[in-house]
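A quick write-up on the structure given underneath.
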Ligand SMILES: Cc1cc2nc3c(=O)[nH]c(=O)nc-3n(C[C@H](O)[C@H](O)[C@H](O)COP(=O)(O)O)c2cc1C
């Protein structure tokens, strides 16, 4: 675990240092701002969000659950743990603290999260549900961090659960700056 974290942090540092800001694709090219909304439990997705911010210039906004996840909550080996229950019951929506974003002034939203159980954590579904009305005119770029699961798995669940939102193909980070730029151009 410690080795994984060190390698992750090192890769992120190199990737960030190679980056340069590019304009995220906007839906109407009127110079509106992109934002990054992300959830992290152990910090990897925050580093990933920094990499996206470095490349896009977008402001970072951290999603916080009303009830923080304890280490027992994220024990996926325990069938009774909070994360396992939130995976098994896909209707669960853990409450989140409200975020300070005026989506009227934003047209591109990067949504970052750790992969939990091969998909986005329930906190992300709470965000997409709570802010769905404000997000329907936005271009949404999801990104993830994970041990090994590919982004395509979360792409599939997001597409299935939120067909009315304009969600682009996601990206698993860390990634090379060039890869992030190409992702944003899609
Ligand atoms: C509850 C839980 C479930 C996870 N499920 C997966 C998984 O299905 N596939 C995977 O590759 N990694 C999985 N992971 C590992 C995380 O995706 C990975 O450590 C991520 O980078 C953590 O991000 P964070 O530091 O921003 O919280 C899981 C971690 C937790 C805590």
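Set the Förster distance to 41 Å, then compute FRET efficiency between residue 159 and residue 72 from the Cβ-Cβ distance, nearest 0.05.
Numbers: r = 32 Å, r/R0 = 0.78.
Efficiency computed from Cβ-Cβ geometry: 0.80.
Neighbouring Cβ atoms within 10 Å as the yardstick, rank 79, 59 fewest first.
On the way: 79 9, 59 13.
Ranked by crowding around the Cβ, least crowded first: 79, 59.
Give me the number: length gained by fully extending residue 130 to residue 179, i.e. 0.36 nm times residue separation minus the C-alpha to C-alpha distance, one decimal in nm.
Full extension of this stretch gives 14.6 nm more.
Arrange 100, 73 by Cβ neighbour counts within 10 Å, fewest through most, would you?
Fewest-to-most ranking of 100, 73: 100, 73.
Which order results if 62, 172 are arranged by neighbouring Cβ count within 10 Å, fewest first?
Ordered by Cβ neighbours within 10 Å, fewest first: 62, 172.
None of the figures in this text is laboratory data; all of them are computed from the coordinates on show. Since this is a predicted model, take the numbers as computed values, not measurements. No Cβ is skipped: glycine too gets one built from the backbone with ideal geometry, and neighbour counts run over all protein chains shown.
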